[in-house]
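**Student:** If you scroll down you'll find the structure; I have some questions about it.
The values are calculated or read from the model by the stated rules, or taken from the named source; none is laboratory data. Bear in mind the structure is a predicted one, so any value in this text is a computation, not a measurement. Here Cβ is always computed from backbone atoms with ideal geometry, including for glycine, and neighbour counts include all displayed protein chains. When the accessible area is computed, the model is the full protein with side chains, heavy atoms only, and any ligands, DNA or RNA have been set aside. Shrake-Rupley method; radii C 1.70, N 1.55, O 1.52, S 1.80 Å.
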Amino acid sequence: PLPPPSRCMLRQPRCRALLLRPGPLSPASVPSVRHKLSVGGGSTGVAPLLQRPPPPLRPRAYPEAGTAGRSEPRTLPAEIPEVLRSKLQPDAPGRAHPRKIPANLRRKAREQGYLQPLDDVVAAHVEGSFRVARSRMGNFPIYTDVRNGGTKVVTILRKYSGDAHSLARALQAVTGKEVTQYHGRMEVRGRHASAMAEWLGRIGM
């Protein structure tokens, strides 16, 4: 019996055509095939492969002359999908979506009604509602802090006691900005040290 074809024998085109040809192999052709593989340095110690016919060639469609690189224009459907229809058509006046306003613009809109004349703030002060102590050098505990590489400036007030909410409302009227309360300090955006010191001096602090 003839030995089964090895992997290296199936790699060669001439040997593969000879081995996959229908019908039994002649004993005279096998030694010549194995001799050619041994001369080329091929190995015959690999496990044999199943003999299967080559796959059939698939017909390939070629574009006609002068139409290469062209495509048919895309046509949109006659009806707009429901998902896009709600986005393209304007909303009814009763259910219009509110416009999203950034947080900084909302804060500025609220601060427009905070600022009041200094005389009115001094006149509205209630004696004894809060107290702001001076430093040992006789200065007001008002400090300016520059943060975020110079992009944010805040004015800080310390050493206060009494009604913190009354003090915060008075600071909002003096500076026209929102006051943020922390433990032991109040911060106002911007530089307001001179206005705050004048106000504290006029109310007798």
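**Student:** If Ser135 meets every condition in (1) part of a loop (DSSP other than H, G, I, E, B); (2) open to solvent by 40 Å² or more (accessible area, probe 1.4 Å) apart from one, which number is that one?
**Tutor:** (2)
**Student:** For the stretch 140-179, how many residues are within 20 Å of Lys108 (Cβ to Cβ) and open to solvent by 60 Å² or more (accessible area, probe 1.4 Å)?
**Tutor:** Of the residues in that region, 5 qualify.
**Student:** Please tell me if Arg110 is at pLDDT 85 or above, open to solvent by 100 Å² or more (accessible area, probe 1.4 Å), in a helix (DSSP H, G or I) and of a type outside the set (Gly, Ala, Ser). Step through it out loud before you land on a result.
**Tutor:** Values: at pLDDT 85 or above: yes; open to solvent by 100 Å² or more (accessible area, probe 1.4 Å): yes; in a helix (DSSP H, G or I): yes; of a type outside the set (Gly, Ala, Ser): yes.
So Arg110 fits the description; yes.
**Student:** Keeping to the stretch 139-174, report how many residues are more than 15 Å from Arg202 (Cα to Cα) and outside any helix (DSSP H, G or I). Give the steps one after another, and end with the answer.
**Tutor:** Of the stretch 139-174, the ones more than 15 Å from Arg202 (Cα to Cα) are 141-166, 168-169, 172.
In the following step, the residues that additionally are outside any helix (DSSP H, G or I) were identified as 141-147, 151-163.
Final tally of qualifying residues: 20.
**Student:** If you go through the stretch 184-205 one residue at a time, how many are open to solvent by 30 Å² or more (accessible area, probe 1.4 Å) and of a type in the set (A, V, I, L, M)?
**Tutor:** So the answer is 3.
**Student:** Still on this structure: When Glu127 is evaluated against the numbered criteria (1) open to solvent by less than 100 Å² (accessible area, probe 1.4 Å); (2) modelled with pLDDT of 60 or more, which criterion, by number, is the only one it fails?
**Tutor:** Of (1) open to solvent by less than 100 Å² (accessible area, probe 1.4 Å); (2) modelled with pLDDT of 60 or more, only one is false for Glu127: (1).
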